Amino acid sequence: MSPKGRWGILERKLVRRYHILFLLFSGLLPLIVGLFSLGVYAAEESLFAAGIFVTLPQEQEVEPDEAATYIFRVVNRTAKAITLKARAVSTQGWPLLGPTEELVLAPGGEEYVVCSLLVPSSVTAGTEDQLHLFLSGDNKEKEYTVRTKVKAVRHLKWKSLPLIRAEAGADLFIPVRLLNLGTTPEQLDLDISSEKGWSVYWHSPTAGPLDPGQSREILLSLLVPPATPAGTLEKITLRLH
């Protein structure tokens, strides 16, 4: 048999083999997906009472001064209407909007409990809040908990006068305010330089860290040389490490 004929037979065998493997995989795929989906949804869904199920939202990690919104899904798989009461509590005492006090579930229907949690602007990274949702009805109460964690954010902001006028030979004290708008404490290390080599240094009232939400005033001491011509413009550069 010619090489071309042998290659044709081999090619047909490979095609049949891959076709069988494809059919086997196609038959197992729905079963695999079904088992995976069942495991995922079973982990999210919690039983409140016979025929009443609650699906918890995912936990969130947010920045300060942001809102974390959680939506709880409540499903009624019974043939009668169900009335539940809902209330929510923040363990950190953060401002909380919602939920509505009463929840009416039609037979075979579903409703949603929405809670929005506002994270304060001055809170440290890693701070964790537990939002407790309490559902009650027919002399039964159950608690559901989701966690909110504060992200690590580094944000320092300067506030200083853009232009200061002085006379030759003057000794200036220039206030500069530093604000920590992030979520991590900052240990300050400042480098200061004069473009023309004038004598300049800074006073720090404390060497401690600057906590989130806090501000600190730094005084810059600058000596204008006596022989400085009028109209001279000097540039002071601050570098924060």
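The values are calculated or read from the model by the stated rules, or taken from the named source; none is laboratory data. If you're wondering where the values come from, they're calculated on a predicted model, not measured in any experiment. Quick reminder, even Gly has a Cβ in these numbers, built from the backbone with ideal geometry, and neighbours come from all protein chains shown. Side chains included, ligands, DNA and RNA excluded: accessible areas come from the protein's heavy atoms. Shrake-Rupley method; radii C 1.70, N 1.55, O 1.52, S 1.80 Å.
Among the residues of the range 100-138 satisfying the criterion of being closer than 17 Å to Lys80 by Cα and not in a strand (DSSP E or B), which is least open to solvent (accessible area, probe 1.4 Å)? Across the range 100-138, the extreme among qualifying residues is Gly109.
Taking the criterion of being surrounded by 14 or more Cβ atoms within 10 Å (Cβ to Cβ), more than 24 Å from Ser121 (Cα to Cα) and out of contact with any Lys or Arg (no Cβ under 9 Å at 6 or more places or on another chain), the residues of the range 173-203 that qualify are Ile174, Trp198, Val200, Trp202. Restricting the range 139-174 to residues that are within 26 Å of Leu96 (Cα to Cα), outside any loop (DSSP other than H, G, I, E, B) and not β-branched (Val, Ile, Thr) leaves a set whose member that is modelled with the lowest pLDDT is Lys140.
Among residues of the range 152-176 being within 37 Å of the chain's Cα centre (by Cα) and small (Gly, Ala, Ser), the one that is nearest to Asp211 (Cα to Cα) is Ala152. Going residue by residue through the range 192-205, is there one that turns out to be within 28 Å of Asp65 (Cα to Cα) and at pLDDT 80 or above? So far as the range 192-205 goes, no, none of its residues is within 28 Å of Asp65 (Cα to Cα) and at pLDDT 80 or above.
Tell me, yes or no, whether the range 204-214 has at least one residue that is open to solvent by 70 Å² or more (accessible area, probe 1.4 Å), in contact (Cβ under 8 Å) with a residue 24 or more places away in the chain and either farther than 28 Å from Ser90 by Cα or in a strand (DSSP E or B) (or both).
There is no residue in the range 204-214 that is open to solvent by 70 Å² or more (accessible area, probe 1.4 Å), in contact (Cβ under 8 Å) with a residue 24 or more places away in the chain and either farther than 28 Å from Ser90 by Cα or in a strand (DSSP E or B) (or both).
The residues of the range 175-200 that are of a type in the set (S, T, N, Q) and in a strand (DSSP E or B), listed by number, are Asn180, Ser193, Ser194, Ser199. Tell me, which residue of the range 55-96 that is closer than 15 Å to Lys142 by Cα and polar (S, T, N, Q) is surrounded by the most Cβ atoms within 10 Å (Cβ to Cβ)? Looking at the filtered set, the residue picked out is Thr55. For first residues located in the range 56-67 and within 16 Å of Thr184 (Cα to Cα), partners that are outside any loop (DSSP other than H, G, I, E, B) and hydrophobic (A, V, I, L, M, F, W, C) and lie 6+ apart or on another chain with Cβ distances below 6 Å form the pairs Val62/Ala68. Looking only at the range 217-235, which residues are crowded, with 17+ Cβ neighbours inside 10 Å and under 18 Å from Lys157 (Cα atoms)? Hits for the range 217-235 are Ile218, Leu220.
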